[in-house]
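Here's the structure, in structure tokens; my notes come after.
The values are calculated or read from the model by the stated rules, or taken from the named source; none is laboratory data. What you see is a predicted model, and the numbers here were worked out from it, not measured in a lab. Cβ atoms come from the backbone with ideal geometry, glycine included; neighbour counts cover every protein chain shown. Please note that ligands, DNA and RNA were not included when accessible areas were found on the heavy atoms of the full protein model with its side chains. Shrake-Rupley method; radii C 1.70, N 1.55, O 1.52, S 1.80 Å.
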Amino acid sequence: MANKTEIQALNAGEKTAREQGIYIVDVTYKKSDEGYSLCYYIDKEGGIGIDECEAFSKSVEQVLDKLDFIESNYTLEVSSPGADRQLTKEREFLYYIGREVDVKLYKAEKGRKEFSGMLKDFKNGTAFIETDGETVEIAAKQAVYIRLKFEF
């Protein structure tokens, strides 16, 4: 569940992302020992590189400074989602429909706790994953993880 700052940051960055041909997969705003960090996770068809992260960072920083809705000092970070990133929020699931995912469940379903398949849809907290010719419904809360499958 996104907090108020994450929602505002997502809204603030949407226009910049569209202009640059990228998609904001997620935004996190967290407190750590070093202070607060605001992190945008961005992606595009074919993947994201350091140049796109840098360009987005510079542009969105200007927008955030202008809007000035974050009261605490924070570090701005921009990153690709990463190969082992777990899908957690609805917008992530919706963006990656049509991609292969790896799934690990807390409790075995049909005799297995781990499998791979094609993410077909996501509605009301449930992922619809096609595997072995059938579509399995997995509540995101029942999964240890659902993440993009990467072949190395």
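If you fit an axis through the alpha-carbon atoms of helix 50-67 and take the longest principal axis of the Cα set of the chain, what angle between them do you get, 0 to 90°, nearest 10?
Tilt relative to the chain: about 60 degrees.
Could you pull out which residues in the stretch 102-122 have an amide N less than 15 Å from a spot 7 Å beyond the Cα of residue 139, following the Cα-Cβ vector?
From the stretch 102-122, the list is 105-109.
With every protein chain kept in place and ligands, DNA and RNA left out, what is the accessible area per residue of the chain? Probe 1.4 Å, answer in Å².
Spelled out: the 1.4 Å probe surface of the chain, per residue, equals 62 Å².
Over the C-alpha atoms of the stretch 1-43, what are the Rg and the largest Cα-to-Cα span, Dmax, in Å?
Cα-based Rg and Dmax for the stretch 1-43 come out at 11.0, 34 Å.
Count the lysine pairs in the stretch 15-108 whose Cα atoms sit under 25 Å apart, keeping only pairs 8 or more residues apart in sequence or on different chains.
Qualifying lysine pairs in the stretch 15-108: 17.
Ignoring ligands, DNA and RNA, what percent of the 1.4 Å accessible area of the chain is carbon and sulfur?
Working: 4210 of 9390 Å².
That fraction is 45 percent.
Roughly how many Å² of residue 121 are accessible to a 1.4 Å probe, to the nearest 10?
We get 40 Å² for residue 121.
Residues with amide H under 5 Å of residue 80's amide H, sequence separation 5 or more or different chain, H placed in the peptide plane at 1.01 Å from N; which?
42
With viscosity set to 0.890 mPa s and temperature to 25 °C, compute the Stokes-Einstein D of the stretch 85-137, Rh being the Kirkwood radius across alpha carbon pairs; µm²/s, no decimals.
Details: Rh = 11.3 Å.
It diffuses with D of about 217 µm²/s by this estimate.
Starting at the first residue of the stretch 74-88, write each ³J(HN,Hα) from the Karplus equation 6.51 cos²θ - 1.76 cosθ + 1.60 with θ = phi - 60°, in whole Hz, x for Gly and Pro.
Residue by residue, the stretch 74-88 yields 8, 9, 8, 10, 10, 8, 6, x, x, 5, 10, 5, 7, 7, 10 Hz.
Spelling out what I want: for every residue of the stretch 122-137, take phi, set θ = phi - 60°, compute 6.51 cos²θ - 1.76 cosθ + 1.60 (Karplus), and round to whole Hz; glycine and proline get x.
With the stated coefficients, the stretch 122-137 comes to 8, 9, 6, x, 10, 8, 10, 10, 8, 8, 6, x, 10, 9, 9, 9 Hz.
Give the ranking of 75, 126 by solvent-accessible surface, highest area first, calculated with a 1.4 Å probe.
On the way: 75 80, 126 30 Å².
So the residues, ranked largest to smallest area, are 75, 126.
Using only helices, what value at 222 nm comes out for the chain when you add -39,500 (n - 2.57) per DSSP H run of length 4 or more and divide by the total residues, to the nearest 500 deg cm²/dmol? Mind dumping the intermediate values first?
Numbers: 3 runs with 40 residues, N = 152.
Calculated from helices alone, the mean residue ellipticity at 222 nm is -8500 deg cm²/dmol.
What is the sum of charges around residue 6, taking Lys and Arg as +1, Asp and Glu as -1, for the other residues whose C-beta is under 14 Å from the C-beta of residue 6? Don't jump to the answer; show the numbers that get you there.
Details: positive: 4, 30, 31, 89, 91; negative: 14, 26, 77, 90, 92.
For residues surrounding residue 6, the net value is 0.
Let me test this: with uniform point scatterers at the alpha carbons of the chain, what is the Debye-based log₁₀ I(q)/I(0) at q = 0.20 1/Å?
Rounded to two decimals, the profile gives -1.21.
For 69, 150, write out the residues from largest to smallest accessible area, computed with a 1.4 angstrom probe and no ligands counted. Spell out each step's value before the answer.
On the way: 69 50, 150 90 Å².
Per-residue accessible area, sorted high to low, gives 150, 69.
Spin-label point model (7 Å from Cα, Cβ direction): what's the residue 90 to residue 66 distance in nm?
2.9
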